[in-house]
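Below is one structure, written out as structure tokens; the observations come after it.
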Amino acid sequence: MHSKSSYCVVCSRFVVCLWVVAASQTDARVAVRDHFDGKGLPAGIVEQLRSIDNEDFGEDSCKIVPKDVQLTRHSSRSGFHRDIHTSVSVLLDQSHHCTSCHLLLIERLPGGLYVDLYQSAAAVDFGGPQILAFEEIDLEKPAYLSAGHTILVYPSSSPQIIPQGREVVVNFTTEMPIHLRYHRPSAEPDAHSAHVSLPSPYALIRCTGASHIGTQTTADDDADGLPVYKAPCSGTSNTNCLWRLLPQSPRENHELHFQVPVGQQSHTLLVTVVTILATIAGTLAVLVTMFRSSTKAKPD
């Protein structure tokens, strides 16, 4: 029996426990790389995907060769609570005759921000993405005590498919709420904010339902040159599917940057004194109110 440990993640309305087992040797034809060569996933993410002990779905996927991939993203709202909007547009040749496509985003969250899995689960019913995490995310820790996280993001909305002559454009959109963590007070008098960067996500695609004209691919077939990985078929699935990593131009930078307000260490004494005085004043106000109420309640 394998040694197992559990990582709990929240997806939709359910708490899903992913049991992690020692990764077994996978087929060399499935693109699992020991080092990041600029075309595949980093080794750390690959190992996390391999650790998910799901059953293989056994579904033949529709083989695709994207002619062009465009990824755009931006953030909305301000302060410590932001929304990340991501759009992925994939240009395909209609000769593939795929009937449906699905997108998977692999996000690498730095220690300076986090995703509230419970909030994300509640938002699924309103069109929010399904999110899986490889480890528990502590919502209360400050940035200097937090490590980064890797999450899998599955857009809930159906993609928009637009025919363009002999080609077809498949558009995916998703919106993910994030929260910035508090940072350590600064000793520099001129430092009033900390910088947090959210790297560009890895985008993977899975297409199914090819007709007899289209071609099929299995785990042993990656002749189109796109790295292939096994990952959960969806945010609620306990089976794995084959996902193809979409190419991105190294010249394009989709990293998002945030400025987080930080306190000043020189203000520590002032903040402490004001906090103590406010606490004492509040306590006295409560005691006086209770005393007056009890006095009025006594019979003559």
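The values are calculated or read from the model by the stated rules, or taken from the named source; none is laboratory data. Everything numeric here is computed off the predicted structure, so don't read it as measured data. FYI the Cβ positions are ideal-geometry reconstructions off the backbone, even for glycines, and counts take in every protein chain you see.
Brief remarks on what is shown
- Look at segment 64-80: where a residue is closer than 13 Å to Leu204 by Cα and in the same structural domain as Val168 (by TED's automatic domain parsing), no partner that is of a type in the set (Phe, Trp, Tyr) and surrounded by 16 or more Cβ atoms within 10 Å (Cβ to Cβ) sits 6+ places away or on another chain with Cβ atoms under 8 Å.
- The strands (runs of 3 or more DSSP E) falling completely within segment 138-183 that include 2 or more residues that are surrounded by 16 or more Cβ atoms within 10 Å (Cβ to Cβ), assigned by TED's automatic domain parsing to the domain that holds Cys98 and over 15 Å from the mean Cα position of the chain (by Cα) map to 167-180.
- In segment 187-207, the residues that are without any contact (Cβ under 8 Å) to a residue 12 or more places away in the chain never reach a residue that is β-branched (Val, Ile, Thr) and surrounded by fewer than 20 Cβ atoms within 10 Å (Cβ to Cβ) with C-beta atoms less than 9 angstrom apart, at least six apart or across chains.
- Arg77 crowded, with 16+ Cβ neighbours inside 10 Å and at pLDDT 70 or above: no
- Of the residues Pro250, Pro261, the single one that is exposed (fewer than 10 other Cβ atoms within 10 Å of the Cβ) and modelled with pLDDT under 95 is Pro250.
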